[in-house]
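Here the structure comes first, spelled out in structure tokens, and everything after it is commentary.
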Amino acid sequence: MADEAQPEKPSNLEECLSDPKGNWQDEAVRDTYRHSAAHIMAAAVKRLYPHAKLGIGPAIEDRFYYDFDIPGGFGPEDLDHIEAEMRKIVREDHPFVRQEVTREQALEMFERAGENYKVELIHDLPGDVPITLYHSGDFVDLCAGPHICSTGQVKSFKLLSLAGAYWRGSEKNPMLQRIYGTAFPEPEWLDEYLCRVEEAKKRDHRVLGPQLDLFSLHDEGRGFPFWHHKGLILWQLLEDYWREVHRKHGYQLVRTPIMLTEELWHRSGHWDHYRENMYFSVIDDVPHALKPMNCPGGMLLYKMNLHSYREFPLKVAEMGIVHRHELSGTLHGLLRVRSFTQDDAHIYMMPEQLKDEIMGVIDLDDEMYRAFGLDYHVELSTRPENSMGTDEQWERATAALEAALREKGMDYKVNPGDGAFYGPKIDFHLRDSLGRTWQCGTIQADFQMPERFELTYIGPDGAEHRPVMIHRVVYGAMERFIGLLIEEYAGAFPLWIAPVQVKVIPIADRHLDGARAIASQLETAGLRPELDPRNEKVGFKIRSAEMEKVPYMVVVGDREIASGQLSVRQRGRGDLGKMAMEDFVARLKDDVATKAR
RNA sequence: GCCGGCGUAGCUCAGUGGUAGAGCAGCCGAUUCGUAAUCGGCAGGUCGAGAGUUCAAAUCUCUCCGCCGGCUCCA
């Protein structure tokens, strides 16, 4: 695999990794340790199932895995056997022994063993890399290393899950059985890790969403979420904020139809490049398609008028509902759906304005993610196989994106071949509760659509020119962004986007009218209160408001009705004591204005 | 789509061939209470769907549907 980077040698490693525990803060040390655990797992599998063939076994983040080709596959009970065998290998405490061999020796050895996947890997190794084997007892693996010093150093580990994975990530290849596990030098660290994963699962938006009455998913519409009252309030608040920011940044707002004739999609190139993901329908004998992207509709709007360079950059935004038929196995709650609302925008400009405009969008993204306290990382995706346009156009577009990133001083990762079919892109990725990353914002530089749709503008020279355009989203999709926000906050939204901001809790039935009056005053003041009129004890209603993750609770009893003051409790903090209505409202308004978490 | 797992009440789950269960939520009643669960009662199920094996299937077999994890990181 010529394009695959060799793992870096841990900074403290000479011959082998002797003190993983003492250097655990070093990511390369953790990877080496888990990589060795993967090696031990492979050794255990070969002992128990000698006919299993080896794939590869790297460490990734907190885990390791190894892929095997085993007829009939593994079952969960096999994991127990493998774990037991691994313990044995750990107890036997075999040293890891490195051996450098020639390509011929390696090939001969793995061919004889029938390890055809290893043979394929050896064939693809670049010529200048030494080929190394690692022995532990009677097990040998092709491996660049490094490893820990001996199998006995792997003190605590656990096999986590079983999965299918195509050999080398391509669905054209056979599917191997992948076993995931994790390993730590201290049993307590393993327990802590497992606890953390359990805790993270409780933040899952698919559990919290229905529980907090935000949205639901139904078999009758796979990949098409249903929005409930409170979820829609959240949605609209995000949209309000989005509109406010976009007005400030000089965007116009438009809306284009969700269904357009098939002919348009031929013209745009989507028919040739995106057909498998589109929904079609014939209406009055005319073939139509639900839009998978907003751009062609946007192009039609652009072409309504002649445009001058003086209007540029022309920024046109649209909350556009798109439909994409994603593979059923890839659907995931709100994070991957088949119909979603993109906070899209198209920016038209002269080619020489491209870099500055990209930088402007980077600033916008940063501003909006910051408002939610979200961490993100950036990736640059380059030309895919199935793409339109000339090499020169792709190079110019990619260069502009890279220049903007460099000028902004941003760290980014390159994703070769992952761009859109019409242009390269910068992607903004956010993490979910389990640490998986999801693309939200994207900035795509496009020379193709203007060409396809023959867009023009009149330049300073009075002649017609071809504009370039940026396609961009910030939230990415409202659905996905809300899903990630639910996980980020574990459902406990900051005041400014909390669907219910204040729960008004009367103590006994005779306080209902007073409580209702307080709720309506809060409502008039522009807040979002909700009355809990149930005939229950205060403790019960407090508990239920806390579980609904409402930021503030106001308890109304005889004392409040007599004094006219409010008894305020804050979510997670407890009783704040008494305050006047005006002070409470001012405090909340202030919180909302600063978008404090 | 593919690989593996799972599918019992609204939710969390127990029930491995012999009369479908619990807690929470819901409803009804009592209670009118001061900052994270008041008490009692009632109701709730084609055991995901269909077919098969059997005297008998939630339980065994097959097909389908849905959900969960993975299929990006790489010797």
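Here are the numbers for this structure:
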read-out	value
Answer from A:D411, A:D418, A:D432 - the residue that is surrounded by fewer than 24 Cβ atoms within 10 Å (Cβ to Cβ) and away from RNA strand B (no atom under 15 Å from the Cβ)	A:D411
Among the residues listed as A:M547, A:M579, the single one being at pLDDT below 95, surrounded by fewer than 22 Cβ atoms within 10 Å (Cβ to Cβ) and either within 26 Å of A:D375 (Cβ to Cβ) or within 15 Å of RNA strand B (Cβ to nearest atom) (or both)	A:M547
Of all residues in the stretch A:151-170 being out of contact with any strand residue (DSSP E or B) (no Cβ under 6 Å at 6 or more places or on another chain) and open to solvent by less than 50 Å² (accessible area, probe 1.4 Å), the one that is farthest from A:V45 (Cα to Cα)	A:S170
Pair list, Cβ < 8 Å and 6+ apart or interchain, from the stretch A:168-190 residues that are within 13 Å of RNA strand B (Cβ to nearest atom) to residues that are among the polar types (S, T, N, Q)	A:I179/A:S161; A:Y180/A:S161
Residues within the stretch A:503-533 that are within 16 Å of RNA strand B (Cβ to nearest atom), part of a loop (DSSP other than H, G, I, E, B) and open to solvent by less than 50 Å² (accessible area, probe 1.4 Å), tallied	2
Every residue from the stretch A:127-150 that is more than 15 Å from A:T32 (Cα to Cα), open to solvent by 20 Å² or more (accessible area, probe 1.4 Å), more than 8 Å from RNA strand B (Cβ to nearest atom) and touching a residue at least 60 places away in the same chain (Cβ under 8 Å)	A:G137
Residue check, A:G57 small (G, A, S), surrounded by fewer than 13 Cβ atoms within 10 Å (Cβ to Cβ) and either at pLDDT below 90 or in contact with a Pro (Cβ under 6 Å, 6 or more places away or on another chain) (or both)	no
Qualifying residue in the stretch A:18-41 (condition: part of a loop (DSSP other than H, G, I, E, B) and over 27 Å from A:E186 (Cβ atoms))	no
Only listed residue being open to solvent by less than 20 Å² (accessible area, probe 1.4 Å), closer than 30 Å to A:R206 by Cα and within 8 Å of RNA strand B (Cβ to nearest atom), chosen from A:M478, A:M553	A:M553
Sole exception among (1) within 15 Å of RNA strand B (Cβ to nearest atom); (2) in contact with a Pro (Cβ under 8 Å, 6 or more places away or on another chain) for A:G539, by number	(2)
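The values are calculated or read from the model by the stated rules, or taken from the named source; none is laboratory data. Note that the structure is predicted; figures quoted are calculated from it, not measured. So basically every Cβ, Gly included, is an ideal-geometry build from the backbone, and we count neighbours across all protein chains shown. To get the accessible areas, we keep the full protein, side chains included, count just its heavy atoms, and leave off ligands, DNA and RNA. Shrake-Rupley method; radii C 1.70, N 1.55, O 1.52, S 1.80 Å.
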